[in-house]
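Inspection log for the structure reproduced underneath, given as structure tokens.
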Amino acid sequence: MAAAISHHECPVCHEDFKEPKILPCTHLVCRDCIITWLQKGANQGCPLCRAPIFPRNEKQPSDYGSKVDSFPTDFVTAAVVESQRLLSSPNVCVCDASVEAKLFCFQCSIKLCSSCTKSHSKSPFTQNHTLEDLGTLSADQLAKSRHSFCSNHKDKVVEIYCSKHEELICLLCATCNHRSCSDVGSVEEAAKQKREDLKKQAVVMKIKKNQAVAKIRELDEEVKVATEKFSAMEDEVRAVFDDLQKALDVKRDKINADLSQRKTAFLVERGTSKANLESYTTGLAGHVSLIGKLASAPDDAMLGIFAQLKSRLTSLQNQGVAGVICSKRKVGYLALNQAHVDQLKELLDECVHMTDSPPPPNKTVSKKCRDCGCRLTSNNVAYCKSCRQ
């Protein structure tokens, strides 16, 4: 499904993103689309990867709108989508819809014909504006040039960042509402510092990702070794119960059931740990990729996303590999009580059983075959190989 979807297309409505929200798995979905998706069934998870949108142990919210609004908005993608929409509209001048536009003014966000371009370049208010040929202008290029405007003063471009409130503001806000804030500076300087912070967080996440990958390999190796042990024990159980034939059939089934249950429990537990680690690794990789994306994003867009992502990044870093691994169940050992083998019909329940502790080493073989009387090579059988055949 993901391979068929454009980077700027919502996976739910299949249209250009409208207020794209960054889900915990780092996939993007329109705000209204994810609310509708959740209302159909909150347990569905991400529309793309089915990763949980809310923690499994968290009570489902009654108001999905406010919860979705708490997810970060991808201002970078939103800007690119809006730029594509603008560039795909007819190239006509603002002076007359019948006149073809040739250039685009970044500061005014308008299309200009040749005549208006001359006037634009001569005006003392616009002569220093940056103009670009519409024939070569790309959506990404236009998106990077777009300015963010103050949430309190819609006509004012944000130029200041208040670190105390983690807010992009205009000069008027800085003067009136943030006069007492001690850490207020330019967007450029704040973005530079936040990029450094993001780089450090990316390093930490890469380390944790590598740790998780190494742990997955370790779990795979544990499962491989354990499977071999289980297989060897199954063979031993089979040999013992084949020797005892019909008298041991019932007990053999019971032991094999116990063994199978332990084996299944072991594999399920390790499988769950692996799945948890893979999900954790995917989350780390997604956020590392997102951080890489933010590294080249416009300052204001990056800062807008960073403020909303901060708590999630901190949570991922604090969680650690150990926090997603299930408690370890032991493989166990197969204990054979040879002293009771000869009396198995009377002592069947004590003959063979599963244990988590290693059995004591077998004593020197002193048994003889019940048929021919030859010395046996193992205390775990009652007949020699020739008589068993």
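Given R0 = 25 Å, the distance between the Cβ atoms of HIS165 and PHE54 translates into a calculated FRET efficiency of 0.35. Using R0 = 56 Å, the C-beta based FRET efficiency linking GLU269 and ASN177 works out to 0.55.
Assuming R0 = 25 Å, can you tell me the calculated FRET efficiency for the pair THR36 and ARG85, based on Cβ-Cβ distance, to the nearest 0.05? Kindly include the intermediate steps, with their values, before the conclusion.
Details: r = 22 Å, r/R0 = 0.89.
So the FRET efficiency works out to roughly 0.65.
Whole-Hz Karplus values for segment 45-51 come out as x, 4, x, 8, 10, 6, 5 Hz, taken residue by residue from phi with 6.51 cos²θ - 1.76 cosθ + 1.60 and θ = phi - 60°; glycine and proline positions read x.
Using the Cβ of VAL184 as centre and a radius below 14 Å, the other residues enclosed give a net charge of -4, where K and R count +1 and D and E count -1.
Assuming charge only on the beta carbon of Lys and Arg (+1) and of Asp and Glu (-1), the dipole of the chain about its Cα centre is about 1100 debye to the nearest 20. Checking the cross-link pairs LYS229/LYS330; LYS102/LYS154; LYS102/LYS122; LYS144/LYS206; LYS18/LYS67; LYS215/LYS330 against a 20 Å limit on the alpha carbon distance flags LYS102/LYS154; LYS144/LYS206 as lying beyond it. When the charge dipole of the chain is built from unit charges on Cβ atoms (+1 for Lys and Arg, -1 for Asp and Glu) and taken about the Cα centre, the candidate among PRO298, SER138, LEU28 whose Cα reaches farthest toward its positive end is LEU28.
In units of the rule-of-thumb radius 2.2 N^0.38 Å, segment 2-73 shows an alpha carbon radius of gyration of 1.02.
With both labels modelled 7 Å from their Cα along Cα-to-Cβ, the LYS224 to SER123 distance reads 7.1 nm. For segment 274-308 versus segment 31-77, the spacing of their alpha-carbon centroids is 17 Å.
In the chain, taking the dipole from charged Cβ atoms about the Cα centre, the farthest positive-side position among CYS105, ASN152, SER66 is held by SER66. Largest mean-square fluctuation among MET205, MET302, MET233, in a Gaussian network model of the chain whose springs join Cα atoms under 10 Å apart, belongs to MET233. Comparing GLU58, GLU278, GLU15 in a Gaussian network model of the chain, where Cα atoms under 10 Å apart are tied by springs, the biggest mean-square fluctuation is seen for GLU58.
Among 70-81, 216-227, how do they line up by average Cβ neighbours within 10 Å per residue, starting with the highest?
Details: 70-81: 20.3, 216-227: 13.8.
Put in order of decreasing packing, that is 70-81, 216-227.
When Rg/Rh (Cα atoms, Kirkwood Rh) is computed from the coordinates, the matching label among (1) 1.13; (2) 0.99; (3) 1.26 is (3). Note on the chain: GNM, Cα springs under 10 Å; of ASP235, ASP69, ASP140, the largest mean-square fluctuation is that of ASP235.
Taken together, the values in this text are just the output of simple stated rules run on the coordinates, not laboratory data. Small disclaimer: the values here were computed from a predicted structure and weren't measured. Note: ideal-geometry Cβ built from the backbone for every residue, glycine included; neighbour counts use all protein chains shown.
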